[in-house]
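Structure record follows, encoded as structure tokens.
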Amino acid sequence: MTPTPHPRPRRIARWATAALAGAALVAASLMSAGAATAAPPQSVDPMHPDFGPNVTVFSPDTPLSEVKTTLGDIADQQRNNEMGTQRQAVYFLPGQYGTAADPLQFEVGYYTEVAGLGQNPDDVTLTGAMEVYNRCLANNGTANCLALDNFWRTVSNLALHIDKAGQDGCRQSANFWAVSQAVSMRRLDISGANVSLMDYCTAGPQYASGGFIADSKLPFTISGSQQQWLTRNSVLGGWSNGVWNQVFSGVTGAPAETFPSPNPYTVVDKTPISREKPYLYVDADGRWNVRVPSTQTSTSGVSWANGVTPGRSIPITDFYIAKPGDAVSTINAALAQGKNLLLTPGVYNIAKTIQVNRPNTVVLGMGHATLTSVGGATPLQVANVDGAIVAGVTFDAGTTLSPTLLQVGRPGVGKPMDASNPITLSDVYFRVGGPHIGKTTTALKVDANNVLIDHTWVWRADHGLEGFTNGVNGDTDRWNTNTGTTGVMVNGANVTATGLFVEHFQTYNVLWNGNGGRVIFFQNELPYDPPTQADWTQPDGTLGYPGYAVGAGVTTHELDGGGVYVFNENNPSIVTANGFSVPDAPGVVLNHIMTVNLSAGTIQHVVNGVGGQADTTKIGVPQDVVRYPAP
């Protein structure tokens, strides 16, 4: 069950500059989108933009006791709120927060974004800790403690000097960030103590399952029980441990490549193409802006090493600031008139597609803003236009089948696209089922060329509140109620993905049909719930569907660091022939790939009949292929 939300008091932000004094941002209930009507043209105050409910802004003159109380209230509300509708964004204006004598220590819960509002990370400095601990799922709250379901949270654009004073001895040893998918750390400058990506202080089993770091400086980092992880364009003070799939791209201080042993480390010296996620900031005059980083090629290290990240700034007045309940017709009218789109925290019920048709349009979500399909609509479509960006948005399937949840490019248009200014998706997440029944044919469909996907989790839910029966053989209703045929389909040419997490879809999790594809890091769990082998057999008789398939007509494609996992919970006798399937072409290369059995089912081979069998005689033991085809 979803826990009862913890009530939060009215919160008033105290601003650092006189120009911002007195602005109030208060918490309130989300509006129902069903009763929305078109709004008049929007006027945005550049000094006091109205972000509506569920946004909190602190300044250095906010009493630290108030900051702690507010953050504690948000953590209490969101700590176990995995399937809830509450969304939160917390921002810090430039300045110092917390001291060695009185550190600021807080937890980050579900659907919570925490970010600084400076142009550079070091403009906002927190002394203390930002943490995520294991979630204990047993009824007594003290057993079965793990991080496998610690999804949907974001921290970015600030400096953290770790100070654990006052915590017990084990907790003082590191800043704990025990998370799994749909979690990003971006533009952070962390110092003072170790960072641990697992929580080794809470009762076990202490499992964790993946995450993403980009554009950050970190001290010594303990990966620990993390099954897989991607670190991109960062600076590391050291790294230890690794379970199955750890990838480093453009990382200064990355460990030496040793795949598959003694550690499963894949290292790409320079990221071939990158564009950092847009971010909010407040300038010296107290005006709000969004910084849009420019595209970079063949890079390593952080984008802010020599000052402000290269790019352009868009004043907040050039955005339509949307709130749950706003009519899509109003949003589309604003986009057509040249506005960008800022989605404030909340759940938006979308019965008509939001259309992005103008080059260089930015769609930025705050606090994990969520677009839920209604009546089978595709919530968002991006035309074949250069430079459009969608960032920080979650897409949720509705109860009526949608053809897609995010459509990028229009099929058959074939427009040449500017490789130096790609359509970019950053921290874009998808959910099919969970809090309610969800249905889609293809969650993310990419028909445009030269698209950059920088961190996505595309998830057909393996657990949730509706459409699930917790019987002896698992969630037996899920296969027929929460339906998702394909996770990601890429038809465009020269598409790059850095950080591709896709799980549990009912045929292909990834089907890549475009030439020139480049993927750095892939993680997949096959569906847990096929009832019979017949349900998990291709029309040509092939047993099961590979987690990662490259189309037969593709002649150029490269993947670095990929894993496919099997846990056929409902029917352990089910067999999948291959974890990966690719055409045998000289330009198609897979580096450092593996399969693994999590305790049920079988994958016979890693790729194209090559590689060992992942079955229940080798639970947790990866079956590795260093390179396909073999050199």
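Descriptive notes on the structure:
- Those residues of the stretch 246-272 which are surrounded by 21 or more Cβ atoms within 10 Å (Cβ to Cβ) and either in contact with a helix residue (DSSP H, G or I) (Cβ under 9 Å, 6 or more places away or on another chain) or not in a loop (DSSP other than H, G, I, E, B) (or both), in sequence order: Gln246, Val247, Phe248, Ser249, Tyr265, Thr266, Val268, Thr271
- Considering residues of the stretch 594-631 that are farther than 23 Å from Thr537 by Cβ and in a strand (DSSP E or B) only, the residue nearest to the chain's Cα centre (by Cα): Met594
- Single residue of Asp326, Asp285 found to be more than 21 Å from the chain's Cα centre (by Cα), crowded, with 22+ Cβ neighbours inside 10 Å and in a loop (DSSP other than H, G, I, E, B): Asp326
- Output for the stretch 227-241, where each listed residue is of a type in the set (Gly, Ala, Ser) and buried (at least 24 other Cβ atoms within 10 Å of the Cβ): Ser234
- Matching entry among Asn349, Asn332 (being over 23 Å from Val432 (Cβ atoms), at pLDDT 95 or above and not acidic (Asp, Glu)): Asn332
- Screening Asp447, Asp454, Asp462 for residues that are under 19 Å from the mean Cα position of the chain (by Cα), crowded, with 21+ Cβ neighbours inside 10 Å and modelled with pLDDT of 95 or more leaves exactly one candidate, Asp454.
- Residue among Thr370, Thr317 that alone is of a type in the set (S, T, N, Q), touching a Pro at 6+ places or on another chain (Cβ under 8 Å) and modelled with pLDDT of 95 or more: Thr317
- If you go through the stretch 290-312 and pick out every residue that is in a strand (DSSP E or B) and surrounded by fewer than 16 Cβ atoms within 10 Å (Cβ to Cβ), you end up with 3.
- Residues located in the stretch 63-82, provided they are under 29 Å from Tyr320 (Cβ atoms) and assigned to a loop (DSSP other than H, G, I, E, B): Asn81
- Looking across the stretch 568-591, the residues that are in a strand (DSSP E or B) and surrounded by fewer than 21 Cβ atoms within 10 Å (Cβ to Cβ) come down to Val575, Ala577, Gly587, Val588, Val589, Asn591.
- Filtered residue count, the stretch 59-75, keeping only those that are more than 18 Å from Gln167 (Cα to Cα) and within 22 Å of the chain's Cα centre (by Cα): 1
- Checking each residue in the stretch 178-206 for being in a strand (DSSP E or B) and within 18 Å of the chain's Cα centre (by Cα) picks out Val183, Ser184, Met185, Arg186, Arg187, Leu188.
- Within the stretch 503-545, being more than 23 Å from the chain's Cα centre (by Cα) and closer than 28 Å to Gln246 by Cβ holds for Gly514, Gly516, Gly544, Tyr545.
The values are calculated or read from the model by the stated rules, or taken from the named source; none is laboratory data. Every value quoted in this text rests on a predicted model; they were computed, and no experiment measured them. So basically every Cβ, Gly included, is an ideal-geometry build from the backbone, and we count neighbours across all protein chains shown.
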